[in-house]
Amino acid sequence: MRALTETEVREAFVNASEEELRLLRLPHDFLLVDWDYLDFFAWRDPSGAKRGYVLMQEDDRVIGVVLHASGPGRMRSGMCNICHTMQPGNQVGLFTARRTGDAGRRGDSVGTYICADLSCHENVRLAHPLAPNEVRAPGQVDMRLDGTTRRMENFVGRVREPVP
């Protein structure tokens, strides 16, 4: 991703109300973000436990989506639908995002289970422990990164998709 300013971040959100933009708080380490390392940028709002945000670069434009966490996580383990990482149940939660346009104004939203701290980008970079005789396939991490990015793009696309 290209480096962003706070103004660019606020202007990127396609499904945010004026109130949501007013309440938006950037992560504490925003000025230290290594943008070249990211395929997308996601964080939980430090001042609002139920809010999260995702930014993705689409060609030259950055698209932002406001997320809302729905209740506490489940007690059993679950899999994040973005990074496909198994997590304890309280570390995976249902996130919804209001659709853009008329559908969003009518209250239509899309949802999926995502890592509760929105750390999918880091989770896919962690190497899974290998069995004693296992060998890590070359490019395995790259394939996981590509899949994670593609699934996040699909989720953001569903938010932006016009509903007939």
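The values are calculated or read from the model by the stated rules, or taken from the named source; none is laboratory data. Here the structure is a predicted model, which is why all the values come from computation and not from measurement. Every residue, glycine as well, gets a Cβ built from its backbone with ideal geometry; the counts of neighbours run over all protein chains shown.
What's the number of the condition residue 25 fails, among (1) surrounded by fewer than 14 Cβ atoms within 10 Å (Cβ to Cβ); (2) over 18 Å from residue 114 (Cβ atoms)? With (1) surrounded by fewer than 14 Cβ atoms within 10 Å (Cβ to Cβ); (2) over 18 Å from residue 114 (Cβ atoms) applied to residue 25, the lone miss is (1). Pairing residues of the range 146-164 that are in contact (Cβ under 8 Å) with a residue 40 or more places away in the chain with residues that are among the acidic types (Asp, Glu), at Cβ distances under 7 Å and at least 6 apart in sequence or on separate chains, gives 149/39; 163/108. The set of residues from the range 100-120 being closer than 25 Å to residue 38 by Cβ, outside any strand (DSSP E or B) and more than 12 Å from the chain's Cα centre (by Cα) comprises just one member, 100. Is the range 2-20 home to any residue that is surrounded by 13 or more Cβ atoms within 10 Å (Cβ to Cβ) and polar (S, T, N, Q)? Looking for residues that are surrounded by 13 or more Cβ atoms within 10 Å (Cβ to Cβ) and polar (S, T, N, Q), one finds at least one in the range 2-20, hence yes. Quick check, is residue 54 at pLDDT 95 or above, more than 14 Å from the chain's Cα centre (by Cα) and of a type in the set (A, V, I, L, M, F, W, C)? No. Scan the range 11-26 for residues that are more than 15 Å from residue 42 (Cβ to Cβ), modelled with pLDDT under 95 and not small (Gly, Ala, Ser) and the total you get is 6. Among residues of the range 55-68 that are closer than 19 Å to residue 82 by Cα and in contact (Cβ under 8 Å) with a residue 24 or more places away in the chain, those with a Cβ under 7 angstrom from a residue that is crowded, with 19+ Cβ neighbours inside 10 Å and hydroxyl-bearing (Ser, Thr, Tyr), sequence gap 6+ or separate chain, pair up as 64/53; 66/53; 67/53.
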